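A.B. asks: Structure in structure tokens, see below.
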Amino acid sequence: MRAQEVKMVTRLQPPKPYRPGTGCYLEDLDWEVDFQLLESGRPGRMDTKALALFRDGHRCRKCGVRVTCGNSEADHIVPVKRFANLQQANVPTNVQILCLACHKDKTAASR
Ligand SMILES: [Zn+2]
């Protein structure tokens, strides 16, 4: 008997359609991080933001509007100045996603 004579059956399932912004795709998170590395203003901060965006479901924590990385801010719940260094302030539990308007309001109120 030769290998070519063995009948083979393949059961391939097509992948589910990718619909960005409709669910929790870990792939989205990976892409987000890759993009941010290229345009990072403050190094080390963008991983935290991407994680916070994912965790908060791409919504502003204050008003609930849908946001993307480009129109949101990673807001420190407890201000950075209360910590010894930026790394301590950037722990995921201290970072929340706010839309630009809510972030502006919060920044204005805390001054
Ligand atoms: Zn908001």
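A.B. asks: How far, in nm, would the chain grow between C63 and A101 when pulled straight, counting 0.36 nm per residue and subtracting the alpha carbon separation?
C.D. replies: 12.7 nm
A.B. asks: For the pair Q13 and N71, what calculated FRET efficiency results from E = 1/(1 + (r/R0)^6), where r is the Cβ-Cβ distance and R0 = 25 Å, to the nearest 0.05?
C.D. replies: Once rounded, the FRET efficiency stands at 0.10.
Since every read-out is calculated from the coordinates, none of them should be taken as a lab result. Please read these numbers as outputs of a predicted model, since none were measured by experiment. Please note: Cβ atoms are built from the backbone with ideal geometry, for glycine as well, and neighbour counts cover all protein chains shown.
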